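Structure first, then comments.
The values are calculated or read from the model by the stated rules, or taken from the named source; none is laboratory data. Keep in mind the model is a prediction, meaning the values are calculated, not measured. Neighbour counts are summed over all protein chains in view; Cβ atoms, including those assigned to glycine, are modelled from backbone coordinates with ideal geometry.
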Amino acid sequence: MQEYIVYMGSLPDDPVYSPTANHISLLQGILQGGSSVENSLVKSYKRSFNGFAAKLTGTERQRIAEMKGVVSVFPNSNLKLQTTRSWDFIGLNSKTKRNTTAESDVIIGVLDSGIWPESDSFSDEDFGPPPKKWKGVCSGGANFTCNNKIIGARIYQSAEVSIIDARDTIGHGSHTASTAAGNAVKDASFFGIAKGTAKGAVPSARIAVYKVCDVGGCSVESILAGLDDAIADGVDIITISIGGDFSVPYDEDPIAIGAFHGLKKGVLTVNSAGNSGPVDRSVTSVAPWIMSVAASSTDRRIVAKAVLGNGKTLLGNTVNAFTLNGTRFPLVYGAKASNGLCLESEVRTCSQSCLNQTAVKGKILLCDQSPGGGVGNATGIIYFKKVAVDTAFIEQYPSSGLSSEDYTAVQTYYDSSKNPQAKILKSEGVIDSVAPRVASFSSRGPNDITPDILKPDIAAPGIDILAAYSPVATPSSSLDDTRRVKYSIISGTSMACPHVAGSAAYVKSFHPNWSPSAIKSALMTTAWVMNSTQSSDSEFGYGAGHVNPVKAIDPGLVYEITQADYTKFLCGIGYTEERIKLISGDSNNTCPKVSYEPKDLNYPSLAFQIENNGTFKVEFHRRVKNVGLATSTYKAKVAGNPKLDVKVVPGVLSFKSLNEVKTFNVTVRGSAVNKTLLSSSIIWSDGTHSVRSPIVIFN
């Protein structure tokens with residue numbers, strides 16, 4: 001017997017309909033062998049969408065999947081969790097134009113590992129009462145108190161994850177919440193590293209906490225329950241830095257399900273793209289109604305310098321909080337300090353159980369990779385950093401992780417010196433002039449479910465982000481690390497996601513009535529153009545570009561997507577009318593008689609997968625709404641790519657009023673061979689606004 005999610009679409013618009021009673025009735029009709037509903041039914045979803053979690057046999061699962069009114073049945077599984085300088089880097093600083101009264105009415109729902117409410121980042125000093133629209137509660141457990149900043153908290157128990165209160169014990173939830181909407185806290189740092197003012201995009205906004213994760217992971221059952229509550233509670237933006245190992249169909253993806261139903265209430269869901277890069281097709285957040293976020297760098301890089309005895313200084317990518325007083329120590333190669341109990345390959349990587357602790361005492365180890373555990377009696381470690389070479393992670397001992405070239409330089413020095421020595425300096429920030437670049441770990445497209453929807457959507461800072469942390473959690477990956485901090489440095493698409501959620505909240509504070517798709521469009525079409533030569537996989541790495549929230553409050557034009565658009569999209573990817581009616585809750589939804597192609601969804605980016613090699617011709621249909629100047633004329637410009645012939649018809653759009661809608665067509669011609677990725681862009685400009693949409697053709 002296994003736990004399954006039974007998804008039934010929208011809640012019927014019927015005042016006498018009882019979701020729980022219906023769920024019980026369905027179970028009574030299929031349970032076998034004396035199983036009781038009480039033992040089978042785990043949880044009902046009944047506030048924002050319709051469904052339930054239940055323990056079923058394989059036969060029972062099959063029977064309920066065939067019943068009328070059921071969209072999909074899929075296993076309950078466990079998903080996983082995926083700053084001072086970053087906001088200044090993307091333009092949200094102390095001088096930025098703000099609408100603080102409207103900002104204080106914006107509520108960000110954070111589905112994560114909870115929050116540390118006593119952190120200065122979440123103080124409610126000078127905050128008024130929660131917005132009147134708020135319908136949530138503070139049910140964070142006996143040891144948890146909300147305030148006028150953290151206005152709500154809920155916890156979710158499941159068979160996989162045991163949660164007793166909303167307090168964050170692993171640090172992830174506090175970090176993401178403060179990145180999106182934390183107060184401005186001066187002189188925050190990690191042991192003096194990255195010192196500055198830690199703040200969120202919208203410090204005046206409110207936070208609602210939905211603790212769906214703990215050290216055991218994040219169960220699908222709890223994620224759906226959190227989304228069900230968050231939407232009904234009245235949040236405006238959801239930030240969810242959680243994902244699986246691979247993409248799944250939309251009606252089996254808990255985040256896609258919740259996000260779709262959030263649209264009806266005007267809720268935009270922002271989700272991390274995943275940390276499985278640079279492998280192609282690794283992006284797991286792929287639904288078109290979700291804003292999917294890649295991770296990128298900022299102009300501050302954190303390095304730990306390794307200084308050799310010959311005076312050569314090498315820049316290591318490690319967050320090293322130890323000073324060692326600037327003292328030089330003897331260097332010893334792991335392979336030369338074996339205790340004779342392991343293979344040479346194990347000793348080279350400095351596995352602690354393989355080292356002669358007397359031979360390494362008081363010395364700096366030279367290792368072919370990070371040992372992952374402690375360093376025993378050694379003073380520190382210089383190692384070859386093989387993965388995420390662009391990212392500095394916190395280690396629990398003095399360390400410097402080097403690139404292949406720099407590690408080879410250390411080995412050459414070690415082999416040629418009679419008395420090799422080195423010192424490891426405390427980490428510091430240095431300028432990265434080529435930022436922003438997509439992080440090596442950030443998941444890449446194309447979209448494995450619907451290739452003609454470009455994913456990820458946008459990139460945002462996700463490397464070396466300083467933000468609030470849990471003071472009871474270890475700052476490194478080692479449970480032996482006894483240090484405790486209020487602010488920590490973390491990297492991941494988990495950190496990029498709240499940057500975009502906060503940016504969306506910032507746009508919402510100026511345009512409270514804009515739809516989720518309008519906010520998403522504004523962020524995408526005003527994004528910084530990123531350099532494809534600096535970021536591998538170009539648009540499959542960064543989507544429309546790097547988030548630029550200040551520009552997004554005045555985008556000029558927006559690509560709006562309606563419920564009818566999504567109905568046609570679902571028809572186009574093979575959903576039946578019956579299933580679409582269940583999902584949408586609209587019995588009048590019908591599929592168009594002429595087949596609809598996913599590429600024609602009114603998306604702010606344009607993508608198409610070519611099936612065969614040779615010449616091609618692709619047509620896209622789009623419409624834009626005027627949200628800039630009432631009377632305006634926009635001209636289309638095509639960014640050059642000699643391999644693509646792009647025509648926009650009409651080439652001029654003239655508007656006479658606000659909210660007026662105009663349509664246009666884009667025709668792209670070219671030639672494709674195996675593994676082609678051809679990109680260009682169209683830019684609509686009225687002399688004040690530039691509305692940019694990337695075009696990506698691939699096979």
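So Ser158 fits all but one of (1) surrounded by 24 or more Cβ atoms within 10 Å (Cβ to Cβ); (2) at pLDDT 95 or above; (3) of a type outside the set (D, E, K, R); what number is the exception?
Unmet condition: (2).
Among the residues of the range 570-582, are any in the same structural domain as Asn275 (by TED's automatic domain parsing) and in a loop (DSSP other than H, G, I, E, B)?
So far as the range 570-582 goes, no, none of its residues is in the same structural domain as Asn275 (by TED's automatic domain parsing) and in a loop (DSSP other than H, G, I, E, B).
Test Lys68 against the stated conditions and say whether it is outside the structural domain of Asp214 (by TED's automatic domain parsing), surrounded by 18 or more Cβ atoms within 10 Å (Cβ to Cβ) and of a type outside the set (A, V, I, L, M, F, W, C).
Considered against the rule, which asks whether it is outside the structural domain of Asp214 (by TED's automatic domain parsing), surrounded by 18 or more Cβ atoms within 10 Å (Cβ to Cβ) and of a type outside the set (A, V, I, L, M, F, W, C), Lys68 comes out as no.
Could you list, in sequence order, the residues of the range 271-290 that are in contact with a Gly (Cβ under 9 Å, 6 or more places away or on another chain) and not in a loop (DSSP other than H, G, I, E, B)?
Of everything in the range 271-290, those that are in contact with a Gly (Cβ under 9 Å, 6 or more places away or on another chain) and not in a loop (DSSP other than H, G, I, E, B) turn out to be Asn271, Ser272.
Right, Gly277: farther than 27 Å from Ser44 by Cα, surrounded by 17 or more Cβ atoms within 10 Å (Cβ to Cβ), in contact with a Cys (Cβ under 6 Å, 6 or more places away or on another chain) and at pLDDT below 95 or not?
Answer is no for this residue.
For Val558, are the conditions met, namely being out of contact with any Asp or Glu (no Cβ under 6 Å at 6 or more places or on another chain), within 27 Å of Gly628 (Cβ to Cβ) and either of a type in the set (Asp, Glu) or surrounded by fewer than 23 Cβ atoms within 10 Å (Cβ to Cβ) (or both)?
no
Checking Glu611 against (1) part of a strand (DSSP E or B); (2) modelled with pLDDT under 95, which single condition isn't satisfied?
(1)
State which residue is surrounded by the most Cβ atoms within 10 Å (Cβ to Cβ) when the search covers only the range 381-398 and only residues that are at pLDDT below 95 and assigned to a strand (DSSP E or B).
Ranking the qualifying residues of the range 381-398, first place goes to Ile394.
Do we find that Ala153 is hydrophobic (A, V, I, L, M, F, W, C), crowded, with 24+ Cβ neighbours inside 10 Å and not in a helix (DSSP H, G or I) in this structure?
Taking the combined requirement at face value, the residue satisfies it.
Go through the range 651-689 and give me each residue that's under 14 Å from Thr633 (Cβ atoms) and not in a strand (DSSP E or B).
The answer is Gly651, Lys656, Ser657, Glu660, Asp686, Gly687, Thr688, His689.
Residues in the range 412-448 that are charged (D, E, K, R) and assigned to a loop (DSSP other than H, G, I, E, B): how many?
The qualifying residues number 6.
Given the structure, is Trp87 crowded, with 17+ Cβ neighbours inside 10 Å, closer than 30 Å to Arg484 by Cβ, modelled with pLDDT of 95 or more and aromatic (Phe, Trp, Tyr)?
No.
Check Val430 against each of (1) surrounded by 21 or more Cβ atoms within 10 Å (Cβ to Cβ); (2) among the β-branched types (Val, Ile, Thr); (3) in contact with a Leu (Cβ under 9 Å, 6 or more places away or on another chain) and name the one condition it does not meet.
(1) is the only condition that Val430 fails.
Each row is one residue, and each column tells you yes or no for (1) exposed (fewer than 15 other Cβ atoms within 10 Å of the Cβ); (2) among the aliphatic types (A, V, I, L, M); (3) touching a helix residue (DSSP H, G or I) at 6+ places or on another chain (Cβ under 8 Å).
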{"site": "Ile583", "(1), (2), (3)": "no, yes, yes"}
{"site": "Ser595", "(1), (2), (3)": "yes, no, yes"}
{"site": "Val627", "(1), (2), (3)": "no, yes, yes"}
{"site": "Thr633", "(1), (2), (3)": "yes, no, no"}
{"site": "Asp645", "(1), (2), (3)": "yes, no, no"}
{"site": "Gly670", "(1), (2), (3)": "no, no, no"}
{"site": "Thr676", "(1), (2), (3)": "no, no, no"}
{"site": "Ile683", "(1), (2), (3)": "no, yes, no"}
{"site": "Thr688", "(1), (2), (3)": "yes, no, no"}
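Report yes if Leu308 is outside the structural domain of Asn548 (by TED's automatic domain parsing) and either in contact with a helix residue (DSSP H, G or I) (Cβ under 8 Å, 6 or more places away or on another chain) or surrounded by 24 or more Cβ atoms within 10 Å (Cβ to Cβ) (or both), otherwise no.
In short, yes.
Starting from residues that are touching a Lys or Arg at 6+ places or on another chain (Cβ under 9 Å) and closer than 15 Å to Gly326 by Cα, keep the ones in the range 399-425 and report whichever is surrounded by the most Cβ atoms within 10 Å (Cβ to Cβ).
So, considering only residues that are touching a Lys or Arg at 6+ places or on another chain (Cβ under 9 Å) and closer than 15 Å to Gly326 by Cα, the one surrounded by the most Cβ atoms within 10 Å (Cβ to Cβ) is Ser400.
For Ser18, only one of the following conditions fails: (1) surrounded by 16 or more Cβ atoms within 10 Å (Cβ to Cβ); (2) within 22 Å of Leu227 (Cβ to Cβ). What is its number?
Ser18 satisfies all of (1) surrounded by 16 or more Cβ atoms within 10 Å (Cβ to Cβ); (2) within 22 Å of Leu227 (Cβ to Cβ) except (1).
Kindly indicate the residue of the range 132-148 that is small (Gly, Ala, Ser) and touching a strand residue (DSSP E or B) at 6+ places or on another chain (Cβ under 8 Å) and also nearest to Glu103 (Cα to Cα) among those meeting that condition.
Taking the candidates together, the pick is Gly136.
Which is over 30 Å from Pro451 (Cβ atoms), in contact with a strand residue (DSSP E or B) (Cβ under 9 Å, 6 or more places away or on another chain) and not charged (D, E, K, R), of Gly274, Gly309?
Gly309
Please find, within the range 234-249, the residue that is farthest from Ile5 (Cα to Cα) out of those that are among the aliphatic types (A, V, I, L, M) and assigned to a loop (DSSP other than H, G, I, E, B).
Of everything passing the filter in the range 234-249, Val235 is farthest from Ile5 (Cα to Cα).
In the range 460-547, which helices (runs of 4 or more DSSP H) lie fully inside it and hold 1 or more residues that are within 27 Å of Val279 (Cα to Cα) and of a type in the set (Lys, Arg)?
In the range 460-547, the matching helices (runs of 4 or more DSSP H) lie at 516-525.
So if I check each of Ile207, Ile231, Ile255, Ile223, which one is part of a strand (DSSP E or B), aliphatic (A, V, I, L, M) and either at positive phi or buried (at least 24 other Cβ atoms within 10 Å of the Cβ) (or both)?
Ile207
Whether any residue in the range 115-137 is exposed (fewer than 15 other Cβ atoms within 10 Å of the Cβ) and not in a loop (DSSP other than H, G, I, E, B) is what I want to check.
no
Looking at Val547, Val627, which is the one that is in the same structural domain as Ala501 (by TED's automatic domain parsing) and closer than 22 Å to Val500 by Cβ?
Testing whether each residue is in the same structural domain as Ala501 (by TED's automatic domain parsing) and closer than 22 Å to Val500 by Cβ leaves just Val547.
What are the residues in the range 316-358 that are aliphatic (A, V, I, L, M) and under 27 Å from Ser488 (Cα atoms), if any?
Scanning the range 316-358 gives Val319, Ala321, Leu324.
Within the range 340-364, how many residues are under 18 Å from Thr379 (Cβ atoms), part of a loop (DSSP other than H, G, I, E, B) and more than 41 Å from the chain's Cα centre (by Cα)?
Going through the range 340-364 one residue at a time, the tally reaches 3.
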